[in-house]
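One structure below.
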Amino acid sequence: MEDNPLPSFIKSGIYQLNSTAVFIDPVRLLNRSYTRFRVSPSTYYSRFFDSTNSTQSPKASEDSRKRKRKQKKKNKVQSLNEREQIADRRHQEVKPFLLKAHEALLEATDILKVLRNLRNDGCVVRECKELSKESSELSLMELGGVWQAPMYEIVLNYYHDDKTFQNEGFPLAHSIEQRVTPVFNNLVANEGNDDIEAELLNHKYIIPKRSCFYMSDLQQIDSLIPADSDCGFNLIVIDPPWENGSARQKVRYPTLPNRYFLSLPVKELCHTSGALLALWVTNREKLRDFVENDLFPKWGVTYAASFYWLKVKANGILPGELDLFHHRPYECLLLGYCKGKVGLSHALELPLLKRILFFTSPCLLQDTHSGKLTRMNPIPDNRVFISVPGDYSRKPPIGELLLDYVPGPMPARCVELFAREMIAGWTSWGNEPLHFQDSRYFVSKTTEN
């Protein structure tokens, strides 16, 4: 570990707490995708910063919560059914790792000081207030469901700075090149090295540099399958809209029955050299059982490890009791490997020893371009990453934490399924990949300067 990891965190958004835990600032991570705009901290951190307890010390707040917990548990016996008992055993196994990670955060006084100011980090107060009061967003899911959807087009605005006119390093003039393309059931790409502004029905969206999206429903996902597996993806992140009582109550987004996810063409999306798959799951044991016994086998995925996202408030404390059964303040990311289809057939032509290694070692996958086996870093289990949550159901960008374990050629070809935002270098698929790309979540760097 670095002697002083804070300067590195300011640039990267990742703070190494210990060998198995990190603190991340999603805003800093996301802003590495942009040159002209930046994600506004005030709109990303819309929760957990308005509590009157945010200035209370973590220790005092923790002691208060412990006293309340003891009072609630006094003379109370909770009976668990068989599935709940299994879920509780999983929780007890990971609990020491979560506690150790949280203790490391509370001991990192330098990052705690930064944490309290994340919401206003680099944001002008007047600007922050205006952002939170802007008009409502366009419902992309509703728009994609109407019969006129194939006719809707998005306008991509490419700005070209005139380098012959400069004022203290900033261009005084620029020209705009516009491209118009269908927004639904179509791969929309920004191949440039700058983020661009796009327009759809009088709404503006910010598209990261070197990124693309495909906006469609589940029936059209096969259009995302590459014609050649050498052009497939070697990092696949999936955040399915699982059936969830809480999601239904909040009416934030529609969910799907679990069986629908069996049809996802994970094998077909994989790169020839295979892929690392990262799947967000809830803490419900019924869902874990479905993933382990039905979903992963159907997808051809071999389980490798589990990572955990531990949520904290602005003062570093947990937003809820760690042992609270139905509302635990962490979520699980299941990791597994899917071997490329072409890679398997090619492996059959290898010498016997290499063939045995290919099929038995999770850390050895075939690189068809070199004809050699390439070794990846072994993926650790029970790693914890901590952050302050953003909007409801919005996951932090964790791709940077996974790259060391991705098989195949670099830079990695990355895709997120059921995406609600975009990242530089990634393909985003879903029925609302532009949700958090709405310009109301951004501020312009030029206006700041």
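The values are calculated or read from the model by the stated rules, or taken from the named source; none is laboratory data. This one's a predicted model, so the numbers in the text were calculated from it and none came from an experiment. Cβ placement follows ideal geometry from the backbone for every residue including glycine, while neighbour counts extend to all protein chains displayed. Only protein heavy atoms, including side chains, enter the accessible area calculation; ligands, DNA and RNA are left aside. Shrake-Rupley method; radii C 1.70, N 1.55, O 1.52, S 1.80 Å.
Worth pointing out:
- Strands (runs of 3 or more DSSP E) wholly inside the stretch 1-112 that include at least 3 residues being at pLDDT 60 or above and more than 28 Å from Asn283 (Cα to Cα): 37-39
- With respect to (1) farther than 24 Å from Val94 by Cα; (2) touching a residue at least 24 places away in the same chain (Cβ under 8 Å); (3) assigned to a helix (DSSP H, G or I), the lone exception for Pro297 is condition (2).
- Applying the criterion of being of a type in the set (A, V, I, L, M) and part of a loop (DSSP other than H, G, I, E, B) to the residues of the stretch 302-340, the residue that is surrounded by the fewest Cβ atoms within 10 Å (Cβ to Cβ) is Leu324.
- For the stretch 282-302, the criterion of being within 20 Å of Trp429 (Cβ to Cβ) and over 22 Å from the mean Cα position of the chain (by Cα) is met by at least one residue.
- Here the strands (runs of 3 or more DSSP E) wholly within the stretch 199-270 that include at least 3 residues being buried (at least 17 other Cβ atoms within 10 Å of the Cβ), at pLDDT 90 or above and of a type in the set (Val, Ile, Thr) are 235-238.
- Residue selection: Leu287 satisfies the criterion of being touching a residue at least 12 places away in the same chain (Cβ under 8 Å) and open to solvent by less than 20 Å² (accessible area, probe 1.4 Å).
- Positions within the stretch 395-431 being at pLDDT below 95, open to solvent by less than 40 Å² (accessible area, probe 1.4 Å) and of a type in the set (Asp, Glu), in sequence order: none
- Residues that are without any contact (Cβ under 8 Å) to a residue 24 or more places away in the chain and within 22 Å of the chain's Cα centre (by Cα) within the stretch 321-341 comprise His327, Pro329, listed in sequence order.
- Applying the condition of being farther than 17 Å from Glu321 by Cα and among the β-branched types (Val, Ile, Thr) to the stretch 88-124 and asking which residue is least open to solvent (accessible area, probe 1.4 Å) yields Ile111.
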